[in-house]
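Structure first, commentary second.
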Amino acid sequence: MVNDNSDTGGAKHFRIADLSNDDKPREKALRHGIRALSDTELIAILLGGGVPGKSVIELSRELYGACGQSLSAMAKMSVRDMCRKFHGIGPAKAVTIAAALELGARRNDVREQKPVIKCAADAYNLIIAELGNLTTEEFWVLMLSRANRLIGKERISSGGTASTVVDTKIVIKRAIEHMADAIILVHNHPSGNLRPSAHDDTITRKIKEAGALLDITVHDHIIVCDTGFYSYADEGLL
């Protein structure tokens, strides 16, 4: 629980201790998840505590209100200005808030940089740097959102010059961990022969069927080498 200092000025101030557990920011986050908190409550958690005569909730509301209830405006405020303008916000609290806002901005930057995979060529261009010059076979999965934006990519297995063992359960587990709506399977043929083998056909079918049970669509299975690629989807085999 966030500690709140008592009012020393005679006026009655709002205290966190007066709230029910469901309304205390930290307890509320633990019970309902961090996304259940308002902006003011999230800021209060970052501040950690109030000052004599002002609870952390009041301090949070004061800061948020002074920024026009805009996190973007708050992010533009320097640590020095935050300390200077708000009694109760010292360097440690100001830096904590600035760091949280910077992390949020960087997360948005990363999200914006994630490409949308519109076709097999997009997937090939995305993965060829990892697979193009290998002398052994590797199996990768590209995880996609509902809008086909890349969420993540992971190597599932690596093997010898002619094959690699692929566990369907691990492929689906990785997709679930990324909350993927769709996946693209990718593996390389170090020999340069892009034609799929019977084993490639079998693993494609097994993963497609397993994914369908969980509403995870297999958009494609692409075989790559440094000179080009083979797409199951382009060949009408999915």
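The values are calculated or read from the model by the stated rules, or taken from the named source; none is laboratory data. Note that this is a predicted model, so its numbers are computed, not measured. As a convention, Cβ positions derive from the backbone with ideal geometry for all residues, glycine included, and neighbour counts pool all protein chains shown. The protein model used for the area step is the full one, side chains on, heavy atoms only, and it has no ligands, DNA or RNA in it. Shrake-Rupley method; radii C 1.70, N 1.55, O 1.52, S 1.80 Å.
Would segment 211-219 turn up any residue that is open to solvent by less than 30 Å² (accessible area, probe 1.4 Å), of a type outside the set (Ser, Thr, Tyr), modelled with pLDDT of 95 or more and not in a helix (DSSP H, G or I)? Don't jump to the end; show me each part of the working.
Step one: list which residues in segment 211-219 are open to solvent by less than 30 Å² (accessible area, probe 1.4 Å), which gives 211, 216, 218.
Subsequent filtering for residues that are of a type outside the set (Ser, Thr, Tyr) retains 211, 216, 218.
With modelled with pLDDT of 95 or more added as a condition, the list becomes 211, 216, 218.
Now restrict to residues that are not in a helix (DSSP H, G or I): 216, 218.
Within segment 211-219, one or more residues are open to solvent by less than 30 Å² (accessible area, probe 1.4 Å), of a type outside the set (Ser, Thr, Tyr), modelled with pLDDT of 95 or more and not in a helix (DSSP H, G or I).
Mind counting the residues in segment 221-238 that are part of a strand (DSSP E or B) and at positive phi?
1
Assess whether residue 150 counts as being in contact with a helix residue (DSSP H, G or I) (Cβ under 9 Å, 6 or more places away or on another chain) and without any contact (Cβ under 8 Å) to a residue 40 or more places away in the chain. Can you show your working first?
Details: in contact with a helix residue (DSSP H, G or I) (Cβ under 9 Å, 6 or more places away or on another chain): yes; without any contact (Cβ under 8 Å) to a residue 40 or more places away in the chain: yes.
It is true that residue 150 is in contact with a helix residue (DSSP H, G or I) (Cβ under 9 Å, 6 or more places away or on another chain) and without any contact (Cβ under 8 Å) to a residue 40 or more places away in the chain.
Considering segment 158-192 alone, what residues qualify as being of a type outside the set (A, V, I, L, M), within 17 Å of residue 222 (Cα to Cα) and assigned to a helix (DSSP H, G or I)?
Matches in segment 158-192: 168 only.
Among the residues of segment 170-192, which ones are loosely packed, with under 14 Cβ neighbours inside 10 Å and without any contact (Cβ under 8 Å) to a residue 40 or more places away in the chain?
Of segment 170-192, the ones loosely packed, with under 14 Cβ neighbours inside 10 Å are 173, 176-177, 179, 191-192.
Result: 173, 177, 179, 191, 192.
Can you pull out the helices (runs of 4 or more DSSP H) entirely within segment 67-131 that have at least 3 residues that are in contact (Cβ under 8 Å) with a residue 60 or more places away in the chain, within 30 Å of residue 187 (Cα to Cα) and over 20 Å from the mean Cα position of the chain (by Cα)?
The helices (runs of 4 or more DSSP H) meeting that bar are 120-131.
Consider residue 93 carefully, then state whether it is open to solvent by less than 50 Å² (accessible area, probe 1.4 Å), in contact with a helix residue (DSSP H, G or I) (Cβ under 7 Å, 6 or more places away or on another chain), of a type in the set (Lys, Arg) and more than 30 Å from residue 208 (Cβ to Cβ).
yes
Out of the residues in segment 132-152 meeting the condition of being under 17 Å from residue 222 (Cα atoms), of a type in the set (A, V, I, L, M, F, W, C) and part of a strand (DSSP E or B), tell me which one is most open to solvent (accessible area, probe 1.4 Å).
By that ranking, first place goes to 140.
Of the residues 42, 63, 46, only one is open to solvent by less than 50 Å² (accessible area, probe 1.4 Å), of a type in the set (A, V, I, L, M) and in a helix (DSSP H, G or I); which? Give the derivation first.
On the way: 42 fails: open to solvent by less than 50 Å² (accessible area, probe 1.4 Å); 46 fails: open to solvent by less than 50 Å² (accessible area, probe 1.4 Å).
Criteria check complete, one pass: 63.
Which one of these is open to solvent by 50 Å² or more (accessible area, probe 1.4 Å), assigned to a loop (DSSP other than H, G, I, E, B), at pLDDT 90 or above and over 19 Å from residue 118 (Cα atoms): 195, 155?
195
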